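What follows is a single structure, written as structure tokens, with notes after it.
The values are calculated or read from the model by the stated rules, or taken from the named source; none is laboratory data. Predicted model, so just to flag it, every value in this text is computed and none were measured. Here the Cβ positions follow ideal geometry from the backbone for every residue, glycine too, while neighbour counts run over all protein chains shown. Protein only, heavy atoms only, side chains kept; ligands, DNA and RNA dropped before computing areas. Shrake-Rupley method; radii C 1.70, N 1.55, O 1.52, S 1.80 Å.
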Amino acid sequence: MWGGRFTGGPAEIMEKINASIGFDKALYKQDIQGSLAHSDMLAAQGVIAAEDRDAIHRGLKEIQEEIEAGKFDFKTELEDIHMNVEARLREKIGDPGARLHTGRSRNDQVITDVRLWLRDALDGIDDLMRDLQRALLDKAEQYADTLMPGYTHLQSAQPVTFGHHLMAYVEMVARDRGRLADCRKRLNECPLGAAALAGTSFPIDRHMTAKSLGFDGPTRNSMDSVGSRDFILEFLAAGSIHAVHLSRLAEEIVMWMSDRFGFVTLSDAFTTGSSIMPQKKNPDAAELVRAKPGRLLGAFISVSTMMKGLPMTFCKDMQEDKEPLFDAVESLTLAVAATAGMVDDMTARPDRMMDGLKQGFPTATDLADWLVRVLGLPFRDAHHVTGALVAKAESKGVDLADLSIGEMQAVEKRITDDIYSVLTPAASVASRMSFGGTAPARVREAVAAARKDYL
């Protein structure tokens, strides 16, 4: 492969550490796609003959069929997918196959392949994320009126609706989709023709190649083209953020399914049993989704550490970008699909959610707001009065609504029986009509807007 410069072969361990065919064979389709476009351009520019281009196209299509039929012999001594395909092409068509590499290098070839591969992967992930939003919206609409405790610090805070809670994740996913769309836009430039690092003396047309491969245009600097991997880092960063959001929802599903909460159930499709405890129904799908950010964050750390000290331009270190990237895409794809499946499968238990609203005085803020609105108390004074009433109720082991009017007036004499109208969870939720609030009417408006904007 190295021509006349080397007279001996590599050491056995060198061959093992140097070869990437074990994982970069996943790029075969993109590698062939890029070679078809490159040979088209070479022929159009008169660099190779039309008959050579036709032979190259025929051979490459046959090679793709061999790979997809499982009949291709990948050889470690040929190092990577590029040389494996090229060597087989020359076996099949002879000298025209040796002309394919004119005006390019493996340096620009591999990064073109990876951009094409990740672009396809991002499109698939975005489809899955849209499916997740659709599942969340369907459930949010179904449970727009279902009351549940809202928490801060995992302590009862205020009543909300289950639909409103789920809509929070719709917005998170929308931002995640935006970040990945930005990543896709920035990576959609074609490095092919940058060659090893300095461009080429052949009269190539990089704009033609970029257009035929669906890129917005060619990259602008040949050194940057082959020496940068920030588009991979950007995906890993944005993917990690999305995985963190999925993990938060997964944790809530685990919590909601627990005996202590019992807010939701999942069917047998997304749960498993125990090998020793026959009563168990474990939320393993959610737990596995909860774990996935570790893989994506690890991939980000791995690739950023690999890149942080590299001089321009290409260094063989960069071979280490693919395995973390491939694993991250697979992990994120599984996590999004599993989460969408769980949300679609999930059934709420309104009775248990109402039980949760009987703890922690979740309507205390409504009491304070009433004192401000009706009696004209400054909010800080109303906060103090409400705190005293909470302490009184807590000492008696009752809810705020169970205190007598006399007990309330002992703390603030101007309180009237009207106070009881705001101390139910339903009244609390219905009053939260501010834009983005939890009132059922607002939730339904938010669902309709999200269906229009995100799906």
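Looking for something surrounded by fewer than 12 Cβ atoms within 10 Å (Cβ to Cβ), closer than 29 Å to Asn188 by Cα and within 33 Å of the chain's Cα centre (by Cα) - is there at least one such residue anywhere in region 1-24?
No, region 1-24 contains no residue that is surrounded by fewer than 12 Cβ atoms within 10 Å (Cβ to Cβ), closer than 29 Å to Asn188 by Cα and within 33 Å of the chain's Cα centre (by Cα).
Which residues, taken from region 311-361, are of a type in the set (Ser, Thr, Tyr) and either out of contact with any strand residue (DSSP E or B) (no Cβ under 9 Å at 6 or more places or on another chain) or closer than 25 Å to Arg177 by Cβ (or both)?
Passing the criteria: Thr313, Ser331, Thr333, Thr339.
For region 438-455: of the residues being in contact with a strand residue (DSSP E or B) (Cβ under 9 Å, 6 or more places away or on another chain) and outside any helix (DSSP H, G or I), which is surrounded by the fewest Cβ atoms within 10 Å (Cβ to Cβ)?
Ala439
Of the residues Ser421, Ser404, Ser395, Ser434, which single one is under 41 Å from the mean Cα position of the chain (by Cα) and small (Gly, Ala, Ser)? First the steps, then the outcome.
On the way: Ser421 fails: under 41 Å from the mean Cα position of the chain (by Cα); Ser404 fails: under 41 Å from the mean Cα position of the chain (by Cα); Ser395 fails: under 41 Å from the mean Cα position of the chain (by Cα).
Only one candidate qualifies: Ser434.
Could you go through region 289-298 and let me know if any residue there is touching a residue at least 12 places away in the same chain (Cβ under 8 Å), in a loop (DSSP other than H, G, I, E, B) and closer than 29 Å to Ala135 by Cα. Please lay out each step first, then the result.
Applying the first criterion (touching a residue at least 12 places away in the same chain (Cβ under 8 Å)) to region 289-298 yields 289-293, 295-298.
With the extra rule that they be in a loop (DSSP other than H, G, I, E, B), the set shrinks to 292.
Pick out the ones that are also closer than 29 Å to Ala135 by Cα and you get 292.
Yes, that holds for at least one residue.
When only residues in region 39-53 that are open to solvent by 40 Å² or more (accessible area, probe 1.4 Å) and under 41 Å from the mean Cα position of the chain (by Cα) count, which is farthest from Arg88 (Cα to Cα)?
Ala44
Any chance region 363-371 includes a residue that's acidic (Asp, Glu), touching a residue at least 60 places away in the same chain (Cβ under 8 Å) and within 27 Å of Tyr169 (Cβ to Cβ)?
yes
Return yes when Arg186 is open to solvent by 50 Å² or more (accessible area, probe 1.4 Å) and under 30 Å from Pro350 (Cβ atoms) and no when it is not. I'd like the intermediate steps shown before the answer.
Working: open to solvent by 50 Å² or more (accessible area, probe 1.4 Å): yes; under 30 Å from Pro350 (Cβ atoms): no.
No; evaluated as a whole, the condition is false for this residue.
Restricting attention to region 403-410, does a residue exist that is in a strand (DSSP E or B), open to solvent by less than 70 Å² (accessible area, probe 1.4 Å) and either of a type in the set (Asp, Glu) or in contact (Cβ under 8 Å) with a residue 12 or more places away in the chain (or both)? Talk me through it step by step, then tell me what you get.
Kept after step one, since they are in a strand (DSSP E or B), are these residues of region 403-410: none.
No, region 403-410 contains no residue that is in a strand (DSSP E or B), open to solvent by less than 70 Å² (accessible area, probe 1.4 Å) and either of a type in the set (Asp, Glu) or in contact (Cβ under 8 Å) with a residue 12 or more places away in the chain (or both).
Kindly provide the set of residues from region 346-371 that are open to solvent by 60 Å² or more (accessible area, probe 1.4 Å) and of a type in the set (S, T, N, Q), ordered by number.
Thr347, Gln359
Let's see how each residue does on (1) polar (S, T, N, Q); (2) at pLDDT below 95; (3) assigned by the TED database to the domain that holds Ile415:
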| position | (1), (2), (3) |
| --- | --- |
| Lys322 | no, no, no |
| Ala328 | no, no, no |
| Thr333 | yes, no, no |
| Val336 | no, no, no |
| Gly341 | no, no, no |
| Ala364 | no, no, yes |
| Gly376 | no, no, yes |
| Arg380 | no, no, yes |
| Ala391 | no, no, yes |
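Restricting attention to region 85-120, which residues are assigned to a helix (DSSP H, G or I) and over 33 Å from the mean Cα position of the chain (by Cα)? Let's see the steps before the verdict.
First, pick out the residues of region 85-120 that are assigned to a helix (DSSP H, G or I): 85-93, 95-98, 106-120.
Answer for region 85-120, where residues must be assigned to a helix (DSSP H, G or I) and over 33 Å from the mean Cα position of the chain (by Cα): Glu86, Ala87, Arg88, Leu89, Arg90, Glu91, Lys92, Ile93, Asp95, Pro96, Gly97, Ala98.
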